[in-house]
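One structure is given below, encoded as structure tokens.
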Amino acid sequence: MAVNILLQDANRICSQVNLDKLQDSTVLLTGSSGLIGSSFLACLCHLRKNARIKVYVLIFSDPPRHVSELIEEGNFEVIRLDLTNFSHYENLPQSDIIIHAAGYGQPGLFMNNPVATLQINTAATIALLNHLNENGHFLFLSSSEIYNGIHKPSFTEDDIGMTTPFHARASYVEGKRCGEAICDAYRLQGLHAVSARLGHTYGPGTRKHDKRALNSFIEKALMQNKIEMLDDGHAIRTYCYIADTVELLWQILLYGKAPVYNVGGKSTVTIAQLAELIGRITGVPIIIPKIHQEVSGAPEDVRLDLTRIESEFAKQEYIDLEEGLAKTIDWQRRLYELTGDPN
């Protein structure tokens with residue numbers, strides 16, 4: 001079963017973090033169908049075996065199969081609720097731990113849904129914070145897109161981007177920026193609310209036909225037996241495997257002292273090098289055209305300074321890219337076999 005890959009990673013994550021604060025708590029998770037949310041869900045499923053935790057899983061549309069299996073195994077309570085509908089906010093439950101992982105992670109999705117993107121990161125964040133119990137813990141998933149418009153990687157948490165509100169990716173960038181400001185405003189009122197600026201995270205837990213470059217390359221390798229790129233792959237990306245990302249997210253949610261943290265990895269490659277590595281692992285050829293083009297508004301190079309999070313939580317070891325890709329390829333191979341859709 002593909003879900004076993006998520007549970008194996010969850011076991012590793014939970015062994016790296018002291019999660020005793022979750023005992024006898026009520027946890028609310030948004031965005032469980034996404035990559036980050038699925039990993040959090042697997043961790044909660046693992047923890048439920050030995051801890052008394054009430055888990056609310058907030059979903060709007062029908063979840064993918066692996067999420068349904070985790071919900072069933074953990075015996076979690078599902079709440080059907082639309083975070084883009086203001087009238088639904090009154091149905092949010094009071095909770096001790098809230099992980100706000102909902103939102104559109106793929107550029108094509110957030111650029112095509114700008115109003116919903118803004119609302120999920122702003123109004124929904126306020127509504128969720130208003131349902132956090134006293135002495136609770138709140139985590140807002142922000143993004144390294146905050147740094148869009150500046151060109152001096154690696155970026156520290158004191159840096160800020162220089163894009164305008166009319167930028168092609170403004171709904172996402174400004175939504176995340178405002179979400180962070182909302183968390184800090186509640187933090188000043190005494191709540192434990194922290195933001196995490198995520199770099200490029202990858203790993204098991206994605207859906208079929210994910211359009212992000214790494215997942216798209218794997219899909220092409222598995223379905224077409226070749227990876228044909230759209231351009232020369234000059235852009236630089238730094239990747240962090242999902243288990244490392246979620247391990248750090250648990251740390252800052254429960255123990256973080258600062259209002260915001262960079263969360264990223266150490267595996268830096270060009271898009272072309274990434275395709276070549278996936279091609280080598282899967283044994284398929286790579287076709288790289290001599291076309292140099294820019295993705296609409298996308299930063300060329302996003303490397304995060306991890307000094308703050310590494311010094312606070314003594315994070316030293318990261319899963320290397322080749323090992324992480326092997327697990328991700330295994331996930332996508334099982335994902336397509338489970339659904340029986342080769343197209």
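The values are calculated or read from the model by the stated rules, or taken from the named source; none is laboratory data. Everything quoted here is computed from the prediction, not taken from an experiment. Quick reminder, even Gly has a Cβ in these numbers, built from the backbone with ideal geometry, and neighbours come from all protein chains shown. Ligands, DNA and RNA are excluded from the accessible area calculation, which covers all protein heavy atoms including side chains. Shrake-Rupley method; radii C 1.70, N 1.55, O 1.52, S 1.80 Å.
Below is a table of values for the structure above.
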quantity	calculated
Distant-in-sequence amide H partners of Val78 (H built 1.01 Å from N, under 5 Å)	Val57
Coil-residue trypsin sites (Lys or Arg not before Pro) of region 1-93, DSSP, other Cβ within 10 Å capped at 11	Lys49, Arg52
Rounded percent of accessible protein surface that carbon and sulfur make up, the chain, 1.4 Å probe	50 percent
Rounded to whole Hz, the Karplus (6.51, -1.76, 1.60) HN-Hα couplings of region 258-268, x for glycine and proline	9, x, 8, 9, 6, 10, x, x, 10, 8, 9
Relative intensity, log₁₀ I(q)/I(0), of the chain from a Debye sum that treats every alpha carbon as a point, q = 0.09, 0.12, 0.14 Å⁻¹	-0.45, -0.84, -1.18
Cut-off under 5 Å, modelled amide H: who pairs with His137 long-range	Ile97, Ile98
Fraction of antiparallel bridges per DSSP, the chain only, in percent to nearest 5	10 percent
Most mobile of Asn262, Asn85, Asn148 in a GNM of the chain (Cα contacts under 10 Å)	Asn85
Hits among aspartates and glutamates - C-alpha to C-alpha of Lys226 under 13 Å, sequence gap 8 or more where chains match	Glu276
Inter-part distance where region 220-283 and region 147-200 are each reduced to a Cα centre, Å	20 Å
Straight-distance crosslink candidates among lysines, where the alpha carbon sits under 23 Å from Lys49 and sequence neighbours closer than 8 are dropped	Lys21
The chain - percent relative contact order, Cα under 8 Å, separation 6 or more	18 percent
DSSP bridge orientation in region 185-343 - percent antiparallel, rounded to nearest 5	30 percent
Distance between modelled label sites at Gln224 and Lys315, nm, 7 Å Cα→Cβ extension	3.3 nm
Residue-normalised accessible area of the chain, given per residue in Å² at a 1.4 Å probe	43 Å²
